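Enquirer: Dropping a structure here in structure tokens format, bear with me for questions.
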Amino acid sequence: MGWGMKNRLSQLIKPNGRCMYLPIDHGYFQGPTTKLEKPGETIKPILEYSDALFCTRGVLRACIDPQQSKPIILRISGGTSMVGKDLANEEITTSMEEALRLNVSGVGLSVFIGSDYEKQTLLNLAKVVNEAERYGMPVMAVTAVGKELEKRDARYLALCCRICAELGAKVVKTYWCENFDKVTSGCPVPVVMAGGPKVGSDREVFEFVHDGMQKGSIGINLGRNIWQNERPVPMIKALRAIVHENASVDEADAIFNKTK
């Protein structure tokens, strides 16, 4: 592994081997989704508690202060929307030259395994890895499932994560599920947990994040469960304690309630 790759990965994964990513890329297919109408304003109070931002080039240029930014993971796939026929029909939207020009620490794209576009999105990943390796750019694969949420079980997600690792992803973002250790144990590269739609209660978020951390995840990539929360600062502080300080669910709950 070259110096550039090691340097970028060190920006994304802290010395303790953990990470806390804040995704604000949802607008690339959802448009101005709730609480993310003005991304720059949304992240102002919570940015300091994240380790990296996951966003598109448009939001990066328009909304993120280059002098006050965290490391960036650049979303480089897209081409579909919530009103389209198939969310899985993605292509690569951003060049590696653009990623280098924006001085990002990594790039990320979705794969849709089990969909009609499985081959297309996996080849997207393989081609991006081929190009990224030349420039020392880490690639994060996102195991997206589109609208078919029932696929989120350990067997399916373990398959997805392993395939992404086999194709060269340096990090894999996937959903938490029951028996999450079966997902992480079969993936030879680091796994981070996605949040998905906002869940019913704050404690539920603490519970699945804590379980995932105990079962092999190196961190989280949660957006809506943080910035759609009525109290995003206490929420991100509590989650950071679980990720970086091995806080229990009760301790995270206490941090959330004290801070709010």
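Enquirer: Considering SER81, SER110, SER77, which residue is of a type outside the set (Val, Ile, Thr), farther than 20 Å from ILE218 by Cβ, in contact with a Gly (Cβ under 9 Å, 6 or more places away or on another chain) and surrounded by 21 or more Cβ atoms within 10 Å (Cβ to Cβ)?
Expert: Among SER81, SER110, SER77, only SER77 is of a type outside the set (Val, Ile, Thr), farther than 20 Å from ILE218 by Cβ, in contact with a Gly (Cβ under 9 Å, 6 or more places away or on another chain) and surrounded by 21 or more Cβ atoms within 10 Å (Cβ to Cβ).
Enquirer: Does LYS85 meet the test of being among the basic types (Lys, Arg) and assigned to a helix (DSSP H, G or I)?
Expert: Taking the combined requirement at face value, the residue does not satisfy it.
Enquirer: Touching a residue at least 40 places away in the same chain (Cβ under 8 Å) and either of a type in the set (Asp, Glu) or not in a loop (DSSP other than H, G, I, E, B) (or both): is that true of ILE73 in this structure?
Expert: yes
Enquirer: Could you list, ordered by first residue, the pairs with Cβ atoms under 8 Å in which the first is in the stretch 1-17 and touching a residue at least 40 places away in the same chain (Cβ under 8 Å) and the second is assigned to a loop (DSSP other than H, G, I, E, B) and among the charged types (D, E, K, R), at least 6 apart or interchain?
Expert: Matching pairs, first to second residue: MET5/LYS170; LEU9/LYS170; LEU12/ASP51; LYS14/ASP51.
Enquirer: From ASP253, ASP211, ASP181, grab the single residue that is surrounded by fewer than 23 Cβ atoms within 10 Å (Cβ to Cβ), more than 30 Å from LEU159 (Cβ to Cβ) and either of a type outside the set (A, V, I, L, M) or within 18 Å of the chain's Cα centre (by Cα) (or both).
Expert: Exactly one of ASP253, ASP211, ASP181 is surrounded by fewer than 23 Cβ atoms within 10 Å (Cβ to Cβ), more than 30 Å from LEU159 (Cβ to Cβ) and either of a type outside the set (A, V, I, L, M) or within 18 Å of the chain's Cα centre (by Cα) (or both), namely ASP253.
Enquirer: Still on this structure: Out of everything in the stretch 194-220 that is farther than 18 Å from PHE256 by Cβ and aliphatic (A, V, I, L, M), what residue ends up being modelled with the highest pLDDT?
Expert: Per the criteria, the residue is ILE218.
Enquirer: Right, another one. Which condition number in (1) free of Cβ contacts under 8 Å to residues at least 60 places away in the same chain; (2) over 30 Å from THR259 (Cα atoms); (3) surrounded by 19 or more Cβ atoms within 10 Å (Cβ to Cβ) is the one that GLU97 fails?
Expert: (3)
Enquirer: From the list LEU100, LEU9, pick out the single residue that is of a type in the set (A, V, I, L, M), at pLDDT 95 or above, assigned to a helix (DSSP H, G or I) and out of contact with any Lys or Arg (no Cβ under 8 Å at 6 or more places or on another chain).
Expert: Exactly one residue qualifies, and that residue is LEU100.
The values are calculated or read from the model by the stated rules, or taken from the named source; none is laboratory data. Note that the coordinates shown come from a computational prediction; the quantities given were computed from them, not determined experimentally. All Cβ positions, glycine included, derive from the backbone under ideal geometry; neighbour counts span all protein chains shown.
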